[in-house]
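These notes are about the structure you will find just below.
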Amino acid sequence: MPHTILIVEDERNMRMVIRMALEDAGHQVIEADSAEAALARLDRPDLAVVLTDLKLPGLRGEELVAAVRRERPEVPVIVLTAFGSIRSAIECIQAGATDYLTKPFEAEELLLAIQGALRLYDLLRENQRLHAVMSDARPRRRLIGDGPAMRRLREEIAQVAPYRSNVLITGESGTGKEAVARSIHEDGPRAAEPWVALNCSAIPRDLMESELFGYVRGAFTGAAQNRLGRLEQANGGTLFLDEIGDLDLALQGKLLRVLQEREFSPLGSDAVRQVDVRVVAATNRDLQQRVREGAFREDLYYRLDVYTIRVPPLRDRLEDVPDLAAAFLAELRAEMDKPVLGFAAPALLALTRYAWPGNVRELRNAVERALLSCRGERIEVDDLPERVRGETGAAPVNVAAGPGAEGLDAWLEESERRAIVAALAASAGVQAHAARWLGISERSLWHRIKKLDIKVERTVRE
């Protein structure tokens, strides 16, 4: 995005001279003849430097400096002052301005000051980006699981991540659609740019427009200053719209304009702003059915549905449950500072036999509950929620449901695979311990691992 310099000067001739000098040097320039007019332009995402006179009608230059420091702390301010007002310029420096020029000044002085301010702007922006990365409380979470469904999902992510095409992610609640969207962002060329998420079902309809598109001062009662919306916050990066099926019809038309024209207008303004975002949307609804019901725009659906990724429910990838449970346990025990080593094999077997109607979210909650209940070194079956233990009669699914159309041999093989994977996960990969829990010899376990082609990260024999 090109850098823009804002000139704030009430003398038209001086403004014109400065503009010509900057444009001749290849800079992009906008103007304001008062501090009030300048304040209305502070929300431009490409604003990189403010060059302001100290003596302005209305608000004084010092007040403008303070406003820039408050609203856009990454934007350097250069103040222009007459020779007799150097003390005021120094006071502005102390208040947050980065440099000052004394009138009259040469074009070369101006360009050197601008060059220094632009370098400072780039450094401050990079510092902001690094600070956001360092202070992100949630470390990047890899997609956990190595079953066929997850391998296909990773292949699809790798296929779409390098491009700017819109992606629609579908799946039941709790399956991890946001984690998939974040992987698309982090594996693509915009990984170093903003990631902004917005849940369309979590914000009241009357607030959604201002949240998504932002607003200008005076747009409504209480709008005391300009505010960037999520769309503009994501400029250059990725905007994740969760539960897109719940977006109000009136706002769907405005979102369609963004996808088609890459432009929008904030609430309360007729000014058109350009934006460069990749939109990744997610839903647990059948959008085609919503289109037939008249609740979702067909043209928006086709704009979003450039590429669809379906996230499988957890019941369709139960082979990943041990890995997921182990990852959640590691995360939660660190938060709780509780020295639980892992799961007993029977507990892991119970986890792999449960249907998980709430998907990955329910599994994480179950692990948290079990960790709270656990009094030993390992989580036992009795530590699990009652519904997971099966005492309420919850029917196990997939392999636990018995042989289906695939035949008895295939069912038995898959059941054996699950038991071995659960035992290995419970024993942290120590085959001697896993064999003991399974009631077989270590040699027999080794042969079965080879036969079933089970991947073992750790093959310690103790």
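Bear in mind that the values in this text are calculations on the coordinates, not laboratory data. Keep in mind that this is a model prediction, so the values were computed, not measured. Counting neighbours? That spans all protein chains shown, and the Cβs are built from the backbone with ideal geometry, glycine included.
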Percent relative contact order for the chain, counting Cα pairs under 8 Å at least six residues apart, stands at 11 percent
Hits for the chain under the membrane-span-like helix rule (DSSP H, Cα axial span at least 30 Å, Kyte-Doolittle mean at least -0.5) are 107-135
Computed over the stretch 148-312, the relative contact order (Cα-Cα under 8 Å, seq sep at least six) in percent reads 33 percent
So the compactness index of the stretch 148-312, its C-alpha Rg divided by 2.2 N^0.38 Å, takes the value 1.03
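Where does the chain land at 222 nm, in deg cm²/dmol rounded to the nearest 500, when only DSSP H runs of n ≥ 4 count, each adding -39500 (n - 2.57), divided by all residues?
Details: 19 runs with 212 residues, N = 462.
Per the formula, -14000 deg cm²/dmol.
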The Cα extents of the chain along the principal axes, largest first and rounded to whole Å, are 92, 54, 37
HN-Hα couplings for the stretch 300-313 via Karplus (6.51, -1.76, 1.60; θ = phi - 60°), in whole Hz with x for Gly/Pro, come out as 5, 4, 6, 5, 7, 8, 5, 8, 10, 10, 9, 8, x, x
Here the net charge surrounding GLU362, from other residues whose Cβ is less than 13 Å away from its Cβ (Lys, Arg +1; Asp, Glu -1), is +3
GLU11 and ARG205 label points (each 7 Å along its Cα→Cβ direction) are spaced in nm at 5.6 nm
For the stretch 4-135 the mean separation of alpha carbon contacts under 8 Å (6+ apart) over residue count, i.e. relative contact order in percent, is 21 percent
